[in-house]
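Enquirer: Below is a structure I'd like to ask you about.
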Amino acid sequence: MRRLNGLLMFWACFAALLIPPFVSAQTNDTGSNSGASPTPGGAAIANYADLIRLIESTVNVDGWQSAGGNSTMMEFRNGVKINADGLIERFEASKIISTEVHSPTIGQTPALVSLESLGDWQKPTSLRWVSLSELDRQLTERKQDRASAAMEMLGGLYRIDYVAYDSVSKGWFLGGPSGSLVLTKSGDILNSETNLPPVLLEDLLTLAPHILGGKGEFGCSIDPDPKRLVESNRLVSTSAAMKSLARNPDRWVEGWRKSLGHQNAKVVGIPQDSPTGYALLIADAHMKRLAFDLEFRPLGLKSYWQEVETFGQSRSEMGLVRWWFSLSDHKIPMDPERSIYHLASSNVQVESEAQMLNEQGKQVVSPNSDPAADAYARSFTRNFAKLQREHPCFGRLRHIFDLSVALEIVKLEMEQGKGLPLTFLADDSFQPHMTTAPKAIDSIASTHAMPNGTITAVISGGVSIHLKQLRSRVKLDRQSLRSVSFEESHNSVDTTLSNSGTGLEVPFWR
């Protein structure tokens, strides 16, 4: 049976229920469906034999390939895949997930398979310490072997609350709640109570060489082709186009979207074909789909169009609105010895900027403000905790931001001589890569009827993570860390846990 490569959010697909090209593992192995799974190699790819056997024994589907049938599993992330040309395409989960599979709900998450039998690392705990130093050592020993499932999901950690230094082992730890992961009916691996995804080794392996090496800013951008943008706006501004818009808005906006073509998907700072860069692109595009009411919004988050109506504003001709994710400016409490840092608040925020097209088709800052766009950015940031639970791609986005901050803290402290170096994690030759790099994504276009007519918008933007300001965010705060002691915490945890099924005698967590 074909192995599952790359973990975070894969769709459990049953080939007997699908139509080509998703029918066979052979089709996928030749690359014709071009799913965005990382290529084998290094320690970035997990050996999911235990996970696959668990799913096969739990999910009642006739004809698993391992038993001589045709049913198998393939992975896609967040309801999207990458085709052979690097185009990010969307699809409906309901078309590939079997409607005949039934299982009870675990906590708040409709679970398809509980993963608790994979090992002791799945036991729920409010605070688990994951040793970056021990993980680094074990990965170094494995070299080209596949990492374990426990490694791929960092011991089941689903939120990073603390970064801590252990003076005894001279190692750095990540701390936070862990365990109780389930494979859901929607195809995600999430914590059963919070709906948050696990922190991933593939993101750590992508980010660590970049940040520990002091390589600066990284992120992504999604930008329309300037020439097509100018031409499409010229075409839709004609009287014929306005009449068509009045007759059938949905057909008009679809035609406009097609005339805009695909937007360029660019990953900056980290490899274009990295799964982390892909995750940033997906989260960025998803945020904009929420803005236009193209995705389910949690209570409290208004769409951009609702904000437009609130402000009663009209849009200028050739006007654009740009949103992007950036690092927040929340303070990071630490203890006087600088041995525990508390990531008490989300490191993610959304920023906005009103733009316009000049005569050359270039995007420039508009002289006119866009209060509705600014309000959406503030609301999205304010509601980010809810959004993580409703949309797993934002949970992973937070992990990427938190990992970045944690690694920068480790880097700054190591520069002061604190802690042993991380060799494997800092080696960019072990960064995971996907079989196909994302290059483009469909344009997002929308219409909305206002009392004075219909307005339209084209969205561009991205993700920008710049860690230079981190020093100014750190502050002494004995009060918030009074109840957390790294020494007391790890001494009170059973350190004799066995890493079931991985063949490792010493776990990399406490």
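Enquirer: Give me the dipole magnitude in Debye, nearest 20, for the stretch 342-456 about the Cα centre, with unit charges on the beta carbon: positive for Lys and Arg, negative for Asp and Glu.
Expert: Numbers: 10 positive and 13 negative charges, 74 e Å.
Dipole of the stretch 342-456, to the nearest 20 debye: 360 debye.
Enquirer: Apply the Karplus parameterisation 6.51 cos²θ - 1.76 cosθ + 1.60, with θ equal to phi minus 60°, to every residue of the stretch 245-259 and state each ³J(HN,Hα) to the nearest whole Hz, in sequence, with x for glycine and proline.
Expert: Running phi through 6.51 cos²θ - 1.76 cosθ + 1.60 with θ = phi - 60° gives 4, 5, 6, 8, x, 5, 5, 5, 5, 5, x, 5, 4, 5, 5 Hz.
Enquirer: Excluding residues fewer than 8 places away in the same chain, name every one of the lysines whose C-alpha is closer than 28 Å to that of Lys418.
Expert: Lys143, Lys170, Lys215, Lys331, Lys468, Lys475
Enquirer: Here's a follow-up. Asn358 to Asp85: extension gain in nm, 0.36 nm per residue of separation minus the Cα-Cα distance?
Expert: Numbers: separation 273, 0.36 × 273 = 98.28 nm, distance 3.05 nm.
Contour length minus the Cα-Cα distance gives 95.2 nm.
Enquirer: On a straight-distance basis, which lysines could pair with Lys227 in a cross-link, Cα separation under 19 angstrom, same-chain partners fewer than 8 positions away excluded?
Expert: In chain and number order, the partners are Lys258, Lys266, Lys362, Lys439.
Enquirer: DSSP loop GluC sites (Glu not before Pro) in the stretch 187-252 with at most 16 other Cβ atoms within 10 Å of their Cβ, which ones?
Expert: On the way: sites: Glu193, Glu202, Glu217, Glu231; in loops: Glu193, Glu217.
Counting only loop positions with at most 16 other Cβ atoms within 10 Å, the GluC sites (Glu not before Pro) in the stretch 187-252 are Glu193, Glu217.
Enquirer: I've got another one for you. Quote to one decimal, in nm, the extra length available between Arg234 and Arg251 on full extension: 0.36 nm per residue of separation minus the C-alpha distance between them.
Expert: Details: separation 17, 0.36 × 17 = 6.12 nm, distance 1.78 nm.
Roughly 4.3 nm would be gained on extension.
Enquirer: Ranked from highest to lowest mean number of other Cβ atoms within 10 Å per residue, what is the order of the peptides 152-159, 299-306, 387-394? Display every interim value, and only then the final one.
Expert: On the way: 152-159: 25.5, 299-306: 17.0, 387-394: 22.5.
Result, highest mean Cβ count within 10 Å first: 152-159, 387-394, 299-306.
Enquirer: Can you sort Glu337, Glu408 from fewest to most other Cβ atoms within 10 Å of each residue's own Cβ? Let's see the in-between values first.
Expert: Numbers: Glu337 8, Glu408 21.
Fewest-to-most ranking of Glu337, Glu408: Glu337, Glu408.
Enquirer: Also, quick follow-up: Multiplying the sequence separation of Arg338 and Ser472 by 0.36 nm and subtracting their Cα-Cα distance, what value in nm do you get?
Expert: On the way: separation 134, 0.36 × 134 = 48.24 nm, distance 1.44 nm.
Extra length available between Arg338 and Ser472 comes to 46.8 nm.
Coordinate-derived values only; no laboratory data. Owing to the predicted nature of the structure, the values given are computational and were not obtained by experimental measurement. Glycine also receives a Cβ, built like all others from the backbone with ideal geometry; neighbour counts cover every protein chain displayed.
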